[in-house]
1. Which of the residues that make up the stretch 218-234 are closer than 18 Å to GLY179 by Cα and either without any contact (Cβ under 8 Å) to a residue 40 or more places away in the chain or touching a helix residue (DSSP H, G or I) at 6+ places or on another chain (Cβ under 8 Å) (or both)?
2. Could you please tell me which pairs satisfy a Cβ distance under 7 Å, a separation of 6+ or placement on different chains, a first residue in the stretch 311-335 that is under 13 Å from ILE171 (Cα atoms) and open to solvent by 30 Å² or more (accessible area, probe 1.4 Å), and a second residue that is part of a helix (DSSP H, G or I) and at pLDDT 95 or above?
3. Counting only residues that are within 20 Å of VAL5 (Cα to Cα) and of a type in the set (Gly, Ala, Ser), which one in the stretch 82-122 is surrounded by the fewest Cβ atoms within 10 Å (Cβ to Cβ)?
4. Wholly within the stretch 148-239, which strands (runs of 3 or more DSSP E) include no fewer than the required count, namely at least 3 residues that are open to solvent by less than 60 Å² (accessible area, probe 1.4 Å) and touching a Lys or Arg at 6+ places or on another chain (Cβ under 7 Å)?
5. What are the pairs with Cβ atoms under 6 angstrom where one residue, in the stretch 170-186, is touching a residue at least 60 places away in the same chain (Cβ under 8 Å) and within 22 Å of ALA261 (Cβ to Cβ) and the other, located anywhere, is in a loop (DSSP other than H, G, I, E, B) and among the small types (Gly, Ala, Ser)? Sequence gap at least six, or different chains.
6. Residues that are touching a helix residue (DSSP H, G or I) at 6+ places or on another chain (Cβ under 8 Å), hydrophobic (A, V, I, L, M, F, W, C), assigned to a strand (DSSP E or B) and touching a residue at least 40 places away in the same chain (Cβ under 8 Å): does the stretch 77-90 have at least one?
7. Being at pLDDT below 80 and aliphatic (A, V, I, L, M) is true for just one of LEU95, LEU66, LEU100, LEU51. Which residue is that?
Amino acid sequence: MSVKVMVIDDSALMRKILSHMLQEIDRVNVCKAVRSEKEAVAAIEKEVPDLIFVDAQIPNIEGFKLLKQISHEYTIPTIMICSPTDQKEITLRALELGALDFVVRPNDINKNWNVFKEKLKSKIKIHFSNQFYAEHVEPMVKQDKSKFQKPVKAIVIGASTGGPKAIIEVIKDFPASIGVPVFIVQHMPKGFTASFANRLNTLSKLEVVEAKDGDKIIKDKIYLAPGGMHMVIEDQEIKLNDDDKIHGVKPAVDYLFNSAAKKYKNHLIGVVLTGMGYDGAIGCQSIKEENGYVITQDQETSVIYGMPRNVEEKGFSDEVASLYDIGSILKKMIG
């Protein structure tokens, strides 16, 4: 069984390069390569692909309409291919509209052919894991009932694939004053987190910033970990470090959750949202050991039910909730 892939790119050269590269990936078949929104719709009507790669230069007003149609009407997962220097805002907007993920294209594809091909392959594996490998699932470990106590003193949130849209849903209805700081790790490369923080800041009543080393922790402020750096909490400050990746990612949710658990103990709420992999589980274990409270997103509303499932199956989740309820749950708990 192969994964049928469509490529949308207005450059004939890039369509040829991407098609050739994708065809080199085992169990991937490029069924169509088109240059425009109109051609894409016509092609989908004839043969529905399993996955679509879209160049980030494509989305204009009509392109964004196409993305919404692909995501919501056709329910075809879409991955954006963007430049390392620009197209950040367009890419983030596409993720809000339902694009599954994005991959950064190298400046010189010929020199980075195999590296870029592996990135494309990894994105395909995220959504079609059953065709590529079987995940090992450990049995649930029963945990004692939470001894979490109010008042809440901080909230930590971790997310990966599908996270940008999920994070917006969680924080958009927070009031202008919640009385606690919020810390977020979203798996995202360097350069994109600044744009994402700016985008969140326009949608949230709370101030949202990309965290800097030495930032003083202030209530009613949301701190987003910068791409390429781990974020931890020490005393009343945020510290950034360049330690090795864990779970293949930097920033990592576990770094943040572990440090927050030590500081806020049983007055901390941890939230694990949609994403592939195991990041966040060790951090949630730390939160539970300090008697904090953990909320995980449910399978029905997760783009990828990997990170939250792993936390739940290990017995570290106090509450499994729909994405559309998590914001309200947090507001009630802050009270």
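The values are calculated or read from the model by the stated rules, or taken from the named source; none is laboratory data. Computed from a prediction, not measured in an experiment: that's the story for all the values here. With ideal geometry, Cβ positions are generated from the backbone for all residues, glycine too; neighbour counts draw on all protein chains shown. SASA here: full protein model, heavy atoms, side chains in, ligands and nucleic acids out. Shrake-Rupley method; radii C 1.70, N 1.55, O 1.52, S 1.80 Å.
1. Keep residues of the stretch 218-234 that are closer than 18 Å to GLY179 by Cα, which gives 218-224, 233.
Residues satisfying the conditions are ILE218, ILE222, LEU224, ILE233.
2. TYR324/GLU169
3. Selected residue: SER122.
4. Numbers: elements: 154-159, 182-186, 207-210, 221-224, 230-234.
Fully inside the stretch 148-239 and qualifying: 230-234.
5. ILE171/SER204; VAL185/ALA225
6. Keep residues of the stretch 77-90 that are touching a helix residue (DSSP H, G or I) at 6+ places or on another chain (Cβ under 8 Å), which gives 77-82, 88-89.
Filter once more, so that each one left must be hydrophobic (A, V, I, L, M, F, W, C): 79-82.
Now restrict to residues that are assigned to a strand (DSSP E or B): 79-82.
Then keep just the ones that are touching a residue at least 40 places away in the same chain (Cβ under 8 Å); that gives 79, 81.
Yes, the stretch 77-90 contains at least one residue that is touching a helix residue (DSSP H, G or I) at 6+ places or on another chain (Cβ under 8 Å), hydrophobic (A, V, I, L, M, F, W, C), assigned to a strand (DSSP E or B) and touching a residue at least 40 places away in the same chain (Cβ under 8 Å).
7. On the way: LEU95 fails: at pLDDT below 80; LEU100 fails: at pLDDT below 80; LEU51 fails: at pLDDT below 80.
So the residue among LEU95, LEU66, LEU100, LEU51 that is at pLDDT below 80 and aliphatic (A, V, I, L, M) is LEU66.
Every residue, every condition in (1) in contact with a strand residue (DSSP E or B) (Cβ under 6 Å, 6 or more places away or on another chain); (2) at pLDDT below 95; (3) hydrophobic (A, V, I, L, M, F, W, C), yes or no:
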residue	(1), (2), (3)
HIS187	yes, no, no
PHE192	no, yes, yes
LEU200	yes, no, yes
SER259	yes, no, no
GLY270	yes, no, no
MET276	no, yes, yes
